[in-house]
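All remarks here apply to the structure that follows.
Since every read-out is calculated from the coordinates, none of them should be taken as a lab result. Just so we're clear, the structure is a prediction, and the values are computed from it rather than from any experiment. Because the Cβ atoms are built from the backbone with ideal geometry, glycine has one as well, and the counts that use them run over all protein chains shown.
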Amino acid sequence: MLITFHGVRGSYPVPGKDTIIYGGNTTCVSFNYKVNDKKIHRLIIDSGSGIINLGREIIDNYFKGEETLRTHIFFTHLHPDHTQGFPFFGLNFFKNAEVNLYGMETLGSDIEKILTSQMAPPNFPIEYRRLKSHRILHILEDGDGVNTGLVTDEPIFNVKVMQTFSPSHPQQGAMYYKITEIRSGKSVACIWDNESKVGGDKAVINFIQGCDVVIHDTQYTTLEYENNEMVVQGFGHSSYEMAINNALQANVKTLICLHYNPIHTDKILTKIEKDLNKRFADNNLQIIFSKEGMTYSP
């Protein structure tokens, strides 16, 4: 299993000279596995602006005979920073592409309804229904499990689903995913756009228990989260310490931080990363800050 980070920001893209190291695109993470050292099977979490460059990569691989145009996109939820890259996703302009869309149905909407609305005139020049790709909608609920793989081979990834409504993004909620590579048993939990709890979130801790890696929302520092002037409690995002507490109590050995505050520059993130690794050096937890283009294998 190879994890690649194509977008690591929360809320909105932040291009520019101050976000070169960590990246400025919104959330998109992919998991891939090379079957028999030939074809790549890929699973994608979220289609923030980071999915645009990923689409180009998949198409390049396709023409080199290294990857198919069949993919799986799991959406944590339907806010714009997690869907805004989809209209520009390159596979949508190939007739022989199959794009499987997985996610929740909430407040009378699902993935296709949201994307149809986003791409309706005059918002976008091509309507959702006019895209060339063959798109298949899969509605997920709490406790579901999904296997994915190449059509002609045995399943490669198993995806377990946890759905929450509060305090994570009230009313709309979010979905968390636990991805297990079936052959090796390696597992990675994707927990973002969640507002955890000070001291640990028992529901999240139980869900990620014993995973090899957790990729966790870390939008705020503790100082920002507890600030009395710029109140962010209730916005549906966690602090770094919340993520660390969840990982430690779940016996997860590697925490990868994601969904950064868009106002956090490279300089700020580098300082936070250095400070956290110094403070928690004796806790037997590896803390990694994700960077756009970074790859990691558990």
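What 222 nm value per residue comes from the helices of the chain, counting each DSSP H run with n ≥ 4 as -39,500 (n - 2.57) and dividing by all residues, nearest 500 deg cm²/dmol? Estimated from H runs of four or more residues: -5500 deg cm²/dmol. For the chain, the share of DSSP beta bridges that are antiparallel, to the nearest 5, is 50%.
So between Q233 and N283, what do we pick up on full extension, going 0.36 nm a residue minus the alpha carbon distance?
Taking Q233 through N283 to full extension adds about 15.3 nm, to one decimal.
Look at the dipole of region 2-296 built from charges on Cβ: of S47, F89, T270, the Cα furthest out on the positive end belongs to F89. Full extension of the chain between S184 and L2 yields a length gain of 64.3 nm, computed as 0.36 nm times the residue separation minus the alpha carbon distance. What the phi angles of region 15-29 give under the Karplus curve with 6.51, -1.76 and 1.60, with θ = phi - 60°, is a coupling list of x, x, 5, 8, 10, 6, 5, 8, x, x, 7, 7, 4, 7, 10 Hz, glycine and proline written as x.
Please give the charge dipole size of the chain, origin at the Cα centre, charges +1 on K and R Cβ atoms and -1 on D and E Cβ atoms. Round to the nearest 20 debye. Mind dumping the intermediate values first?
Details: 28 positive and 33 negative charges, 150 e Å.
My answer is approximately 720 debye.
If I take all pairs of Cα atoms in region 1-108, what percentage of them are more than 16 Å from each other? Roughly 58 percent, rounded to a whole number.
For region 84-89, 3J(HN,Hα) computed residue by residue from phi via the Karplus equation (6.51, -1.76, 1.60; θ = phi - 60°) reads 5, x, 4, x, 9, 6 Hz, glycine and proline entered as x.
Name the trypsin sites (Lys or Arg not before Pro) in region 2-54 that are in a loop by DSSP and that have at most 14 other C-beta atoms within 10 Å, would you? Mind dumping the intermediate values first?
Working: sites: R9, K17, K34, K38, K39, R42; in loops: K38.
Sparse-neighbourhood loop trypsin sites (Lys or Arg not before Pro): K38.
Using a simple spin-label model with points 7 Å from Cα along the Cα→Cβ vector, what separation in nm is obtained for I139 and Q118? Result: 2.0 nm between the two label points. Between helix 51-63 and the chain there is an angle of about 40 degrees, using the helix long axis and the longest principal axis of the Cα atoms.
Shown for T221, T164: other C-beta atoms within 10 Å of each C-beta, ranked fewest to most, produce the order T221, T164.
Taken over the Cα atoms of the chain, the convex hull encloses 135 Å³ per residue. Please compute the Cα-Cα pair-distance distribution of region 87-235 with 10 Å bins starting at 0, giving whole percents from short to long. Answer for region 87-235: a P(r) of 9, 30, 32, 22, 6, 0 percent. Over all pairs of different C-alpha atoms in region 161-274, the reciprocal of the mean inverse distance, the Kirkwood hydrodynamic radius, equals 14.4 Å.
For the chain, the longest principal axis of the alpha carbon atoms and the long axis of helix 266-279 meet at an angle near 60°. Counting neighbouring beta carbons within 10 Å and listing from fewest to most, the residues H259, H134 come out as H134, H259. Computed 3J(HN,Hα) for region 208-215, one whole-Hz value per residue from the Karplus formula 6.51 cos²θ - 1.76 cosθ + 1.60 where θ = phi - 60°, is 9, 3, x, 5, 6, 9, 10, 9, glycine and proline marked x. The Cα atoms of region 26-174 cover 44, 38, 23 Å along the three principal axes, with the biggest extent listed first. Towards the positive end of the charge dipole of region 2-296, with charges on Cβ (+1 Lys, Arg; -1 Asp, Glu), say which of F5, Q233, C190 has the farthest Cα. Sorting the options by dipole projection puts first F5.
Evaluated over the Cα positions of region 107-179, the convex hull gives a direction-averaged projected area, one quarter of its surface, of 6.7 nm².
Does region 86-138 come out rounded, prolate or oblate by the C-alpha gyration tensor, with a ≥ b ≥ c the root eigenvalues, rounded set by a/c under 1.5 and, if not, prolate when a/b is larger than b/c and oblate if not? Taking the square roots of the gyration eigenvalues as a ≥ b ≥ c, region 86-138 is oblate.
What FRET efficiency, computed as 1/(1 + (r/R0)^6) with R0 = 25 Å and r the Cβ-Cβ distance, is obtained for F93 and K17, rounded to the nearest 0.05?
On the way: r = 32 Å, r/R0 = 1.27.
Efficiency at R0 = 25 Å is approximately 0.20.
Sorted ascending by nearby beta carbons within 10 Å, beginning with the fewest, V213, V204 become V213, V204.
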